[in-house]
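Asks: Sending over a structure as structure tokens; questions will come in a sec.
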Amino acid sequence: MRATNLPENNCIEDCLLTQALSGLCVGLILTDSAEKVIWVNRVAERVLGLSHGDCLGKHLPQMLKDLRLAAFWQEAGETAGNTMGDVTVQWPERLSLKVNATRYIDRDGAEVGRALLFCDVTAERTLQVELSDAVARRLLNLTSDQAGPPAASNLTHQEVRILRLVGRGLANDDIATEADISLSTVRSHLKSIYKKLDLHSRSEAVSYAVRHDIS
């Protein structure tokens, strides 16, 4: 690539800085103060569907074929300093970009041009969406698993009563007193409740009672 308005002896094709800019993993476009393109690296060419032979020396807003990115560049031009944002482009393909538009200043503090820097985060966004979907599906499955049939449809009247007392936080001795039954009968009822509802601990029994408004 060769920048316009630069002397031939600048050796811009061969200098280390130029090669580094060209090989960046992010897109980079430099313009002069009139917004004419003076540099575009390979990533920018590929992502934005540009050809450096066609866009060098051209007005950048006319080269940005995606309306969202063109709007971002225009809005950034009306803002002092750096402008960062997320832009989803539709052309030449749908991509999610993190974009930074900035001004570059000479040693005297005068603005000599602007830079458009962007990174393709499509894969990262896709992964985030997939993970979010997976979490949502898991939560829905948990909700479905927890809903289950009402306790009364599987338990006897006495078992529902015992489960209600468990949900209130009563210990077995207190349940026996409240229900006027023996301690061994309480244990027998609890064993039957656990089996019918596929519960594995007292905390699960309390949770089940609360979820089904049995407490």
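Asks: Note down the relative contact order for the range 148-211 as a percent, whole number, built from C-alpha pairs under 8 angstrom at least six residues apart.
Replies: 41 percent
Asks: OK, next. Where in the range 94-124 are there trypsin sites (Lys or Arg not before Pro) that are in a DSSP coil and have at most 10 other Cβ atoms within 10 angstrom of their Cβ?
Replies: Arg94, Arg107
Asks: P(r) of the range 8-123 in 10 Å steps, Cα pairs, percent per bin?
Replies: Binned Cα distances yield the sequence 14, 47, 33, 7, 0.
Asks: What is the Cα radius of gyration of the range 45-89 over 2.2 N^0.38 Å, N being its residue count?
Replies: Rg over 2.2 N^0.38 Å, computed on Cα atoms: 1.21.
Asks: Please quote Rg/Rh for the range 148-211 to two decimal places, taking the Kirkwood radius as Rh and restricting both calculations to Cα atoms.
Replies: In the range 148-211, Rg relative to Rh is 0.92.
Asks: Given an 8 Å cut-off on Cα distances and at least 6 residues of separation, report the relative contact order of the range 8-123 as a percent.
Replies: Rounded, it is 24 percent for the range 8-123.
Asks: May I pose another question? Which of the peptides 177-189, 60-72 is most tightly packed, and how do the rest follow, going by the mean number of other Cβ atoms within 10 Å of each residue?
Replies: Peptide ranking by packing, descending: 60-72, 177-189.
Any read-out appearing in this document is the output of simple, stated calculations on the displayed coordinates, not a laboratory observation. Since the structure is predicted, the reported quantities are computational estimates derived from the model, not experimental observations. Glycine gets a Cβ as well: all are built from the backbone with ideal geometry, and neighbour counts include every protein chain shown.
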